[in-house]
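A short write-up of the structure that comes next.
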Amino acid sequence: MAYEFKCVHEKDTAPPLDKVAENWFQQARDISKQRLPDWTKVAQLYQQAVDKEHWKAMHNLAELYLRGKGVPKDTNKAIDLYQRMVELNVPLGYYDMGVMVQRGVGVVQSDKDAMLFLIKAADMGSPHAQTRIGYIYVYDKNQDAVGLGYLKCAAEQDFADANYKLATYYEGIDVNIPVAMHYYQRAASLGEPKGALNIRDTFRDGDLQYTKDEKIADEYSEILRRLQDEPGLQIPNLAKEHPLPPHPVQGYHADKDINWKPTGRADDY
């Protein structure tokens with residue numbers, strides 16, 4: 001794994017999606033979010049989309065086969081769908097196969113082969129794989145610069161888990177608290193409840209040298225409730241509608257002038 005990582009985004013490498021199949025896919029997702037989903041209908045719609053080579057539907061239908069939701073539980077059919085994604089050169093397919101090989105589910109277990117799948121997926125832009133490998137570089141290999149490259153590439157693709165992991169890195173390792181709060185907020189805006197939870201607790205308890213602020217704590221408590229009640233919910237304007245104050249000691253970024261303020265540009269952090 002000793003090589004220079006080049007940031008690639010999944011949207012630039014993944015095969016295009018058939019419009020009709022995309023409509024079926026979105027219908028299936030909408031039904032799956034209902035309080036009492038008709039999983040059989042969800043599986044049928046995904047299968048229709050799969051028949052038109054819709055790779056996102058392949059991923060979701062495979063999950064249903066692994067869980068036995070709407071279809072009989074069948075690991076082999078899930079593996080077949082992942083393999084079809086690989087044949088179509090889908091970054092997410094390489095990631096899915098990497099996970100299965102690492103766990104030895106339906107295939108021969110091999111840490112080496114699993115890592116090869118994950119590296120391939122990351123190089124092709126899979127934010128799932130980039131987040132996984134970035135975490136390995138930071139916490140297992142102590143190569144923070146390389147790991148951050150992976151994590152930031154995934155975060156740029158609006159991948160909530162990558163933003164959350166960046167937040168925990170900047171809080172616990174780099175100790176750049178305002179940057180950590182930025183990524184917690186980004187994670188929350190992308191649907192990660194833990195991002196809102198961390199912000200709520202920080203201002204409720206007056207942690208990390210911030211002053212207690214009941215207003216902010218209450219706002220993020222409500223945001224946390226919404227994210228928990230509505231899985232998949234995103235709040236794109238969260239930073240504008242519920243801004244966070246500068247850190248009392250580090251301002252808006254510990255590595256920049258105390259008077260620096262975010263400009264809203266992608267390279268601020």
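At most 12 other Cβ atoms within 10 Å and a DSSP loop assignment: could you name the GluC sites (Glu not before Pro) in the stretch 1-107 that fit?
Working: sites: 4, 10, 22, 53, 63, 87; in loops: 4, 53.
Taking the stretch 1-107 and a limit of 12 other Cβ atoms within 10 Å, the loop GluC sites (Glu not before Pro) found are 4.
Taking each pair of different alpha-carbon atoms in the stretch 18-166 once, compute 1/r for the pair, average those values, and report the inverse of that mean as the Kirkwood hydrodynamic radius in Å to one decimal.
Values: mean 1/r = 0.0623 Å⁻¹.
Evaluated on the stretch 18-166, it is 16.1 Å.
For a quick check, take a GNM of the chain with Cα springs below 10 Å and name the residue from 107, 138, 86 with the largest mean-square fluctuation.
Comparing 107, 138, 86 in a Gaussian network model of the chain, the most mobile one is 107.
When we measure straight from the Cα of residue 256, which aspartates and glutamates land under 16 angstrom away, once same-chain ones fewer than 8 places off are left out?
Residue 256 reaches 174, 267, 268.
Relative to the first principal axis of the alpha-carbon coordinates of the chain, what is the inclination of helix 144-156, with its axis defined by its Cα atoms, in degrees from 0 to 90 and to the nearest 10?
Once rounded, one gets 70 degrees.
Ratio of alpha-carbon Rg to the 2.2 N^0.38 Å globular estimate for the stretch 158-241, to two decimals, please.
The reported ratio for this selection is 0.99.
Taking the Cα centre of the chain as origin, work out the dipole magnitude from +1 charges on Lys and Arg Cβ and -1 charges on Asp and Glu Cβ, in debye rounded to 20.
Magnitude of the dipole: close to 540 debye.
How many Lys pairs in the stretch 127-246 lie less than 20 angstrom apart by Cα atoms, where the lysines are 8 or more positions apart or on different chains?
Pairs that pass both the separation and distance tests number 9.
Rounded to the nearest 10 degrees, what's the angle between the helix 193-205 long axis and the longest principal axis of the chain, both from Cα atoms, 0 to 90?
20
Taking the alpha-carbon centroid of each part, what is the distance from the stretch 25-102 to the stretch 239-269 in angstrom?
Cα centroid of the stretch 25-102 versus Cα centroid of the stretch 239-269: 40 Å apart.
Taking the Cα centre of the stretch 103-231 as origin, sum charge times position over the Cβ atoms of Lys and Arg (+1) and Asp and Glu (-1), and report the length of that vector in debye to the nearest 20.
Values: 15 positive and 21 negative charges, 73 e Å.
Here the stretch 103-231 has a charge dipole of around 340 debye.
Grab the other residues whose beta carbon is less than 13 angstrom from that of residue 20, score K and R as +1, D and E as -1, and report the net. Let's see the in-between values first.
Details: positive: 19, 52; negative: 18, 22, 51, 53.
Here the count lands on -2.
None of the figures in this text is laboratory data; all of them are computed from the coordinates on show. Since the model is a prediction, treat every value here as computed from it, not as a measurement. Please note: Cβ atoms are built from the backbone with ideal geometry, for glycine as well, and neighbour counts cover all protein chains shown.
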